[in-house]
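Structure first, commentary second.
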Amino acid sequence: MDIMKESRSSHEKYDNLRQNTASPSVPKQIRSVLNQWCIVKPSTPAAILDGIIQFCCTQSRVDCGVIQPGGICYDPATNKVSDASVVMTLYYKVAGKSDFNCYFNGSGLILTQDPCG
């Protein structure tokens, strides 16, 4: 596995999803709340990843087209950890960004720093 290629791929995915919250007109307290991501623990088994992706993609307002062919986050070389993290972040944001919206039976992690740098 090419770690640098995977890192670039993940970075490009999150760049495409990132909200522009760096503006000085957005108060610092609000920027810190807006800049949260829900990602999957890398040690999560493939069967659990499939379940997470399926769950997130059946929720209203979660556009899983972004990880499908033609989507802005689609990459045929991507592993399921990346795809799961993308849809988990989408679900987390539309569900209200509460801790429990990123639990996923213990498979989710909330980050307050951009996972892509």
Kirkwood-based shape ratio for the range 54-117, expressed as Rg/Rh from alpha carbons | 0.95
Surface per residue (accessible, 1.4 Å probe) for the range 41-84, Å² | 58
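The values are calculated or read from the model by the stated rules, or taken from the named source; none is laboratory data. Note that the structure is predicted; figures quoted are calculated from it, not measured. What goes into the accessible areas is simple: the full protein's heavy atoms, side chains included, and nothing from ligands, DNA or RNA. Shrake-Rupley method; radii C 1.70, N 1.55, O 1.52, S 1.80 Å.
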